[in-house]
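Colleague: Before I ask anything, here is the structure I am working with.
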Amino acid sequence: MDPFSTVLDLRSGALDPVHKVTERRLGDLDGLFQAPVGDPERLAYRVLEIPAPHDNANLPSSTTILEPGRVGEEFFMTKGHFHANRDRAEIYLTLAGEGRLLMATEDGRAHVEEMRPGTVNYVPGHWAHRSVNVGDEPLVFYAVYPGDAGYDYGTIEERGFPALIVAGSDGPRVVPNPRYGAS
Ligand code: S6P
Ligand code: ZN
């Protein structure tokens, strides 16, 4: 393949050119929150991709623009996934907004990192990852991952994450997920 460039707007996360855009609405996240999602058509997030071949020699990347909002006590969040190739790592660079990166291993360990403009989060292989917008503005981040990382959404859809991030009177709180492991 030939070299190429893309312009990334550092505030909005917009890409020019953009080749693939995936929209996730609340209806796509039904069952992932503790409470019912409400309006299924409401936009939760968009993923804009800079494609690259799906092999371990290449590095696709994407921006995620996650809207602010809540479902019950929980903040808007991404579906969350393990990589289909479990040992593949990933880097997130936050551009705008305030978030938490919730991670978990298959044996139930949870880990939370902050996401703010300039934060570079390293997600090692074998850690599922979900981003959570705990602020009032869109959470925008840029992610780079191996081309053969792939997605396993099913494990999270069945088991959930061991922890939830919920709104508390003093700000976001991490609490155990009472439904973790239930299928
Ligand atoms: C891909 C990377 C991100 C997410 C995106 C949406 O490995 O982790 O680009 O795909 O943030 O999250 P999700 O869980 O819906 O794919
Ligand atoms: Zn990923």
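Colleague: Taking segment 131-151, which residues are open to solvent by 10 Å² or more (accessible area, probe 1.4 Å) and within 10 Å of ligand 1 (Cβ to nearest atom)?
Modeller: The answer is TYR142, VAL144, TYR145, PRO146, GLY150, TYR151.
Colleague: Taking the residues in segment 121-163 that are over 14 Å from LEU102 (Cα atoms) and among the hydroxyl-bearing types (Ser, Thr, Tyr) as candidates, determine which candidate is farthest from the chain's Cα centre (by Cα).
Modeller: Looking at residues that are over 14 Å from LEU102 (Cα atoms) and among the hydroxyl-bearing types (Ser, Thr, Tyr), I get THR155.
Colleague: Considering only residues of segment 49-89 that are free of Cβ contacts under 8 Å to residues at least 60 places away in the same chain and open to solvent by less than 10 Å² (accessible area, probe 1.4 Å), which is nearest to ligand 1 (Cβ to nearest atom)?
Modeller: So the residue we want is PHE76.
Colleague: Now for a separate question. Could you identify the single residue in LEU32, LEU95, LEU8 that is under 27 Å from ALA182 (Cα atoms) and touching a residue at least 12 places away in the same chain (Cβ under 8 Å)?
Modeller: LEU32
Colleague: Can you spot a residue in segment 36-47 that is touching a residue at least 60 places away in the same chain (Cβ under 8 Å), touching a Phe, Trp or Tyr at 6+ places or on another chain (Cβ under 9 Å) and of a type outside the set (S, T, N, Q)?
Modeller: For segment 36-47, residues touching a residue at least 60 places away in the same chain (Cβ under 8 Å), touching a Phe, Trp or Tyr at 6+ places or on another chain (Cβ under 9 Å) and of a type outside the set (S, T, N, Q): absent.
Colleague: Shifting gears a bit: Restricting to segment 158-173, what's the tally of residues that are surrounded by fewer than 15 Cβ atoms within 10 Å (Cβ to Cβ) and outside any loop (DSSP other than H, G, I, E, B)?
Modeller: Number satisfying all stated conditions: 5.
Colleague: Is one or more of the residues making up segment 100-109 of a type in the set (A, V, I, L, M), under 28 Å from PRO162 (Cβ atoms), at pLDDT 95 or above and open to solvent by 50 Å² or more (accessible area, probe 1.4 Å)?
Modeller: For segment 100-109, residues of a type in the set (A, V, I, L, M), under 28 Å from PRO162 (Cβ atoms), at pLDDT 95 or above and open to solvent by 50 Å² or more (accessible area, probe 1.4 Å): absent.
Colleague: Related question: Scan (1) within 11 Å of ligand 1 (Cβ to nearest atom); (2) open to solvent by less than 10 Å² (accessible area, probe 1.4 Å); (3) touching a Phe, Trp or Tyr at 6+ places or on another chain (Cβ under 8 Å) for the single condition TYR92 breaks and write down its number.
Modeller: (2)
Colleague: Starting from segment 166-183, take each residue that is closer than 17 Å to ASP107 by Cβ and list its partners that are of a type in the set (Lys, Arg) and open to solvent by less than 100 Å² (accessible area, probe 1.4 Å), counting only C-beta distances under 9 angstrom and pairs at least six apart or across chains.
Modeller: Close Cβ pairs (under 9 Å, with a partner that is of a type in the set (Lys, Arg) and open to solvent by less than 100 Å² (accessible area, probe 1.4 Å)) amount to TYR180/ARG159; GLY181/ARG159; ALA182/ARG159; SER183/ARG159.
Colleague: Separate question: Inside segment 113-130, can you point out the residues that are surrounded by fewer than 15 Cβ atoms within 10 Å (Cβ to Cβ), assigned to a strand (DSSP E or B) and within 16 Å of ligand 2 (Cβ to nearest atom)?
Modeller: Of everything in segment 113-130, those that are surrounded by fewer than 15 Cβ atoms within 10 Å (Cβ to Cβ), assigned to a strand (DSSP E or B) and within 16 Å of ligand 2 (Cβ to nearest atom) turn out to be VAL120, TYR122.
The values are calculated or read from the model by the stated rules, or taken from the named source; none is laboratory data. The structure displayed is predicted, hence computed values, not measured ones. So basically every Cβ, Gly included, is an ideal-geometry build from the backbone, and we count neighbours across all protein chains shown. Heavy atoms of the whole protein, side chains included, go into the accessibility calculation; ligands, DNA and RNA do not. Shrake-Rupley method; radii C 1.70, N 1.55, O 1.52, S 1.80 Å.
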